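Step one of this worksheet: look at the structure below.
The values are calculated or read from the model by the stated rules, or taken from the named source; none is laboratory data. Everything numeric in this text was worked out from a predicted model, so none of it was measured. Glycine gets a Cβ as well: all are built from the backbone with ideal geometry, and neighbour counts include every protein chain shown. Surface accessibility is based on the protein's heavy atoms, side chains included, excluding ligands, DNA and RNA. Shrake-Rupley method; radii C 1.70, N 1.55, O 1.52, S 1.80 Å.
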Number of protein chains: 6
Amino acid sequence: MSNKSALVISAHSADFVWRCGGAIALHASMGYDVTVVCLSYGERGESAKLWKQEGMTLEAVKSARQVEAENAAKALDVHDIKFFDLGDYPLEMDREAKFKLVDVIRAVQPSFMLSHSTYDPYNTDHMYATQVALECRMVAQGWGHNPGEKVLGAPQLYLFEPHQTEQMGWKPDTFLDITPVWDKKRAAIECMQGQEHLWDYYTRVAENRANHFRRNSGGQAGGRKAEYAEGFQSIFPRTVDEL
Amino acid sequence: MSNKSALVISAHSADFVWRCGGAIALHASMGYDVTVVCLSYGERGESAKLWKQEGMTLEAVKSARQVEAENAAKALDVHDIKFFDLGDYPLEMDREAKFKLVDVIRAVQPSFMLSHSTYDPYNTDHMYATQVALECRMVAQGWGHNPGEKVLGAPQLYLFEPHQTEQMGWKPDTFLDITPVWDKKRAAIECMQGQEHLWDYYTRVAENRANHFRRNSGGQAGGRKAEYAEGFQSIFPRTVDEL
Amino acid sequence: MSNKSALVISAHSADFVWRCGGAIALHASMGYDVTVVCLSYGERGESAKLWKQEGMTLEAVKSARQVEAENAAKALDVHDIKFFDLGDYPLEMDREAKFKLVDVIRAVQPSFMLSHSTYDPYNTDHMYATQVALECRMVAQGWGHNPGEKVLGAPQLYLFEPHQTEQMGWKPDTFLDITPVWDKKRAAIECMQGQEHLWDYYTRVAENRANHFRRNSGGQAGGRKAEYAEGFQSIFPRTVDEL
Amino acid sequence: MSNKSALVISAHSADFVWRCGGAIALHASMGYDVTVVCLSYGERGESAKLWKQEGMTLEAVKSARQVEAENAAKALDVHDIKFFDLGDYPLEMDREAKFKLVDVIRAVQPSFMLSHSTYDPYNTDHMYATQVALECRMVAQGWGHNPGEKVLGAPQLYLFEPHQTEQMGWKPDTFLDITPVWDKKRAAIECMQGQEHLWDYYTRVAENRANHFRRNSGGQAGGRKAEYAEGFQSIFPRTVDEL
Amino acid sequence: MSNKSALVISAHSADFVWRCGGAIALHASMGYDVTVVCLSYGERGESAKLWKQEGMTLEAVKSARQVEAENAAKALDVHDIKFFDLGDYPLEMDREAKFKLVDVIRAVQPSFMLSHSTYDPYNTDHMYATQVALECRMVAQGWGHNPGEKVLGAPQLYLFEPHQTEQMGWKPDTFLDITPVWDKKRAAIECMQGQEHLWDYYTRVAENRANHFRRNSGGQAGGRKAEYAEGFQSIFPRTVDEL
Amino acid sequence: MSNKSALVISAHSADFVWRCGGAIALHASMGYDVTVVCLSYGERGESAKLWKQEGMTLEAVKSARQVEAENAAKALDVHDIKFFDLGDYPLEMDREAKFKLVDVIRAVQPSFMLSHSTYDPYNTDHMYATQVALECRMVAQGWGHNPGEKVLGAPQLYLFEPHQTEQMGWKPDTFLDITPVWDKKRAAIECMQGQEHLWDYYTRVAENRANHFRRNSGGQAGGRKAEYAEGFQSIFPRTVDEL
């Protein structure tokens, strides 16, 4: 019998590390096969440090970004990382690119999906990625798309935490305790040589999210002693047998 | 060791039946002790049929409503039903009434709470009840309120489905399969002699919510075969170990 | 057979003039009996010009404001204007005051009601008046409130245009052509001796609202030639036989 | 003199039946010429039952869906039904397809238009259709588009009820009594052989919307005795001569 | 040393006049170099008066609109006005057009940018322009776009006031006193020969915005005596050294 | 000539430290007289550590909290700190208490005010304080309240950052660089002996807000090198002479 699986759709090749590295490593540790799709390398827009080097080229930036992402993926026990190399700033996806993403969704058959916030005025690639994620989730559910393939069920789409959180209309409804895998997330973060200014930033985010985990699991009466956590917003309602 | 418990805060004495009767009976069947607090009988505002009878008095309406609610509670295996008799249309609660509710919250120590939507222009008692529920939840968490008592943890407050759903800004994020206890909910509904016009209405709501349960548990690929369901909106984020 | 009727609930004694004077005069001209309830005179908060006069007293301000409002009401063919004299800044209504308002609502049996926007951070009396209007509308519908009286049906509550419109979250869904009664509205406006700085302001509002009337009745193809209009936001859905 | 007219823009060929079949039949009975544009057949995404048959092809699905839609249109007394066959999952419209829709809008000169909710994370084709409907309404109003043609006025765009209503941010502001034509809507619904699981679902929706019609037309005092109704959300404000 | 600069992105060639003509002239008077980009002439959708003339052609409309816009720009002391001539109704921008706008943004290095509201169901070109403005602002910030060019900092994007203000979800957070340059704005307005029906409309808007300026600068205690003002909504937070 | 001044309205006696201690110290360093009003001590709800001590009494808690707050105020160079001792959990203010707050507002004549977010389901005292702050700001502006006193102008009301930021619907539009006074804020924080678990939490908040300050002042091009910052949301629009 195959493992449970999850799918991360990342606009640029570093996004999955900061925003849901803990969720990836934690679910990997529980036996999930986690696949990450990097739609672009963030080669034009999110590689400032590389571009400041003498004689830098687009290909060299992409290579460097790919190595960093692969290293981070390894640190997080990612099952498979795919680079779509669609270009960034702006990211654009035609019908062919969307269907390639549908193929991955169907192959993975994820229990849940992860992508960006639905609004981001600083980085329109992010919200575009989520728009496409919803579109491709829909296509993957259609019986008439590549008839004969196994259609997708109804996995949750979780929106991971954006940068400059409050500007994005993002409201977390789920906090995940990532304390057991924090070392892996920090190791993955440190693979991002080009964005060292964010290492401590996202460590602080994780520590403060743990405070929220404790408050929401116990109020003033205590609560679970999480030390690091990540927050997520759900697009779809849950179906449960117990409240 | 004591049972798990849940607490329903109902503005009027019939609200808990239509809106979360299934959740009550289902959790009772799982061993929860479910307590229901009826802040008023809905004697002035929600008892039109009784008032149309010759010679009706306020006390007679209240008695009739209490009997109906007690019968419904019995049908749903409610552990305890309390009538605060605070008056309705409008419902008003002073500090003393609030502290009486805090006493119940602390005594019950609910795993989760249930109350009305946060907006209801048709029935301001409903949104007032929720406002007070949040206020009393806060007080129950305070170490300085009746020091020495066990303080409340951080139970979720679920908002059950209002009438005229879409007008209330209510968006369900959780669907509960109540198929196993549907007969109990229907029996409780039929205890509401004064509101027979709503029996089939809420049966249809439950059937359509089951469609949503199926869609969200399986998309076009099928999904769990719920026949009756209820929807709920969460106020607070969840804390989890798996997405 | 009695006339159709409408009810305006005005936090302060001048509000009805600026915000729905046209609607009042227009419906009066169609045979409606329009009743205006002024919950306060706006004597403390909206009478700056009077208070700048030497030796002014609270009673003198209230008298002056009442005279102005009565004159404006006459200019608008108001059927009945009632002064509740509940005080302003802040306006507060206890159960007795609310039931007095319920009495008026039931006596008038309005086809529609008019009050303030639901949000106003500049003037909390305004949003409080609307909150109470909804609460009293509910009580007036209850069969157990003063049993034997005729209960209220389901009149629309229209929110008239606030000052500093865009700050209030107010979005008009209905534009009313008040061209035929503009002279009456302007005359009523000029009764407000203490707020002369607003005469032209609200004339300009009416002219620009007429532009919106034309655009929404005809687009670039023309549209109805309204010269003055007022905008309103509905709280409740309409029930119709034709779209 | 020509009849009044209305235009329905339906992303997939069955949408118009569930969501506004009553409005169509009712207005047809009042003498409106109602045109329906099906942008796609929903052949890939909304035809699961057909695709489960052995040897099914895209063309066969489209044919079957067209026949169903034509039968339903006939049952509803649709004046004209047009199939744009633009493909679904995802639906995409280039400038040429948009201008083809503009041509229809101008030819019909509708008194009002009907389309989907502005948000639908389950089905991005739906919200895309509405986005294009607004865009094409704008183009149809422009004097410089095919100069010499009669430009469009300012018809309302009503958003009909989506599936999983509350997830879509859809709030109905208009309820239409479709009791007189219910039999026609049910007959049209039963033309949808491939989606039999939705027949009773949408019957229950219509019955519960009738409850809302009654409540909003009469409160606890009664109200119009609608048995079946449909709800709609308006994009644009109304222009009226009486509130 | 070069002047400070600002950049206006206008969907059609007249938008900048009505919506931010005062801001342009005022900043020009303070020494700013203000550049205006007209993405289209509004030749198809916003030139009704011209199209009603016998024998009008698209090129003739565009020429007339360009002359009007150039005259208005001169009246406002615009530093540079660029016509992208991308077509309107609908406005569409491919990657090349976007990069051309990025080139302008980088060349101008604006202290702040101005564009349309983020929502406009009447005119989808307007909201599309703002969407592209955000996208191009992002690209202009990317170190990998045309490496070697000076990258953009973080200028505010102000949304200027739309027509039919309240329908657009636009909420001004900044009022600018344009009294000193009102004559220039009125002169620019009067260059718009084809839209004379809007001259007084926007004069009234400016006068009423001045009322809001006074109220927000002084409450009932007075406030700055602005006679004409414009309102703007900010997309991004401010960074300050004093509240 | 008197100094400029600012006023902080704090529901409980520690709130001003975590949420705007930097703003207080910074403005004090610029010569502002900053007054802090603590409506309650947070003695019942926010003093868990004290209540866990043997034999604790309400008076002892209040005394301890007052000493902590006074020490923190001193560390921040607060000009005046006032304790209204109105009780907490829930905080309630009658007309007399409100007028006492109005007296302070008028005496201080603040250039700007600071209070809590408008929504907080965890702590209803917080949102109640803001509601009252708006109400009292309005009263303080009224010429008829204590005629002869100097009426209030139109100071901004800034909402400081709540705990569990994203749950509150709070969106900062203003970031203040508090680097020069960080040592004072940290010293004030360390006065809060009963809430040591929050010291590092709010240090991390300040560090991450500094990241936002840098990003919004310079994008990827750099930006001001703030190390600590605080965020604020404005209720009212600004009135400016330059964008």
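Looking at B:79, B:159, B:174, which one has the Cα that reaches farthest to the positive end of the dipole of chain B (charges on Cβ: Lys, Arg +1; Asp, Glu -1)? My answer, from the dipole projection, is B:174.
A point 7 Å from Cα along Cα→Cβ stands in for residue B:196, and the other copies hold the same point at 3.4, 6.8, 6.9, 7.1, 8.0 nm, listed in rising order.
Shielding by partners for peptide B:131-139, expressed as the average number of C-beta atoms from other protein chains within 10 Å of each residue's C-beta, is 5. Based on alpha-carbon atoms, the Kirkwood radius and the radius of gyration of chain A give Rg/Rh equal to 0.96. Within chain F, which is the longest segment that contains none of the trypsin sites (Lys or Arg not before Pro) sitting in a DSSP loop with at most 11 other Cβ atoms within 10 Å? That would be F:53-149.
In this structure the amide hydrogen of residue B:87, modeled in the peptide plane, comes within under 5 Å of the amide hydrogens of B:41, none closer than 5 places in sequence on its chain.
Shown in residue order for the stretch B:205-220 are the 3J(HN,Hα) couplings computed by the Karplus curve 6.51 cos²θ - 1.76 cosθ + 1.60 at θ = phi - 60°: 4, 5, 5, 6, 5, 5, 4, 5, 4, 5, 4, 7, 9, x, x, 7 Hz (x for Gly and Pro). Rounded to whole numbers, the Karplus 3J(HN,Hα) couplings from phi for the stretch A:181-190 are 10, 4, 4, 5, 5, 4, 4, 5, 4, 6 Hz, using 6.51 cos²θ - 1.76 cosθ + 1.60 with θ = phi - 60°, and x at Gly and Pro.
Counted over the protein assembly as shown with a bin width of 10 Å, the fraction of Cα pairs per bin, in whole percents, is 1, 8, 15, 21, 23, 19, 10, 3, 0, 0. Taking every DSSP helix (H) stretch of at least 4 residues in chain B, weighting each as -39,500 (n - 2.57) and dividing the sum by the residue count yields a mean residue ellipticity at 222 nm of -13000 deg cm²/dmol. Inter-copy label distances for residue E:95: 1.9, 1.9, 6.8, 7.0, 7.1 nm (label point placed 7 Å from Cα along Cα→Cβ; shortest first).
Within 10 Å of the Cβ of each residue in B:155-164, the mean number of Cβ atoms contributed by other protein chains is 2.
In this structure the amide hydrogen of residue D:34, modeled in the peptide plane, comes within under 5 Å of the amide hydrogens of D:6, D:79, D:80, none closer than 5 places in sequence on its chain.
Round to a whole angstrom and tell me the spacing of the C-alpha centers of the stretch B:1-57 and the stretch B:105-155. So the two Cα centres are separated by 16 Å.
Buried accessible surface for the E/D chain pair comes to about 1500 Å², total over both chains, computed with a 1.4 Å probe.
For a test of the definition: using alpha carbon positions, the gyration tensor, and the 1.5 limit on a/c, classify the stretch F:1-109 as rounded, prolate or oblate.
Here the stretch F:1-109 falls in the oblate category.
Counting only protein heavy atoms and a probe of 1.4 Å, the accessible surface of the protein assembly as shown is 48% carbon and sulfur. Inter-chain neighbour count for A:83-91: the average number of beta-carbon atoms from partner chains within 10 Å of each residue's beta-carbon is 3.
Chain E versus the axis that turns it onto chain B: the residue with the nearest Cβ and the distance in whole Å amount to E:169, 8.
For the pair residue F:146 and residue A:94, a Förster radius of 56 Å applied to the C-beta separation gives a FRET efficiency near 0.20, rounded to the nearest 0.05. 3J(HN,Hα) along the stretch F:69-81: 5, 5, 5, 5, 4, 5, 4, 9, 6, 5, 6, 7, 10 Hz, from the Karplus curve 6.51 cos²θ - 1.76 cosθ + 1.60 with θ = phi - 60°, whole Hz, x for Gly and Pro.
Cα centroid separation, the stretch D:173-243 to the stretch B:174-219: 21 Å.
Shown for the stretch D:98-145 is the translational diffusion coefficient from the Stokes-Einstein equation, using the Kirkwood radius over Cα pairs, a temperature of 25 °C and a viscosity of 0.890 mPa s: 216 µm²/s. Sorted shortest first, the distances from the residue B:67 label point to those of the same residue in the other copies are 6.1, 6.3, 6.3, 8.4, 8.9 nm; each point sits 7 Å from Cα along Cα-to-Cβ. Judged by the ratio a/c of the largest to the smallest principal axis of the C-alpha gyration tensor, the stretch A:159-230 counts as oblate, that ratio being 1.5 or greater while a/b is no larger than b/c. The residues of the stretch A:32-67 occluded by other protein chains by 50 Å² or more of accessible area, set against the chain on its own, are A:44, A:51; surface from heavy atoms, 1.4 Å probe. Accessible area per residue for chain E, computed on protein heavy atoms with a 1.4 Å probe, is 33 Å².
Within the stretch A:5-234, what percent of beta bridges assigned by DSSP are antiparallel, to the nearest 5? Of those bridges, close to 30 percent are antiparallel. If R0 is 45 Å, the Cβ-Cβ spacing of residue F:242 and residue F:60 corresponds to a FRET efficiency of close to 0.25.
A DSSP coil position with no more than 12 other Cβ atoms inside 10 Å describes none of the GluC sites (Glu not before Pro) in the stretch B:169-208. About the centre of its Cα atoms, the protein assembly as shown shows a dipole size close to 0 debye [charges on the beta carbon of Lys, Arg (+1) and Asp, Glu (-1) only; nearest 20 debye].
Remark on residue B:112: its backbone amide H falls under 5 Å from those of B:7, a criterion applied only to residues 5 or more positions apart or on other chains, H modelled at 1.01 Å from N.
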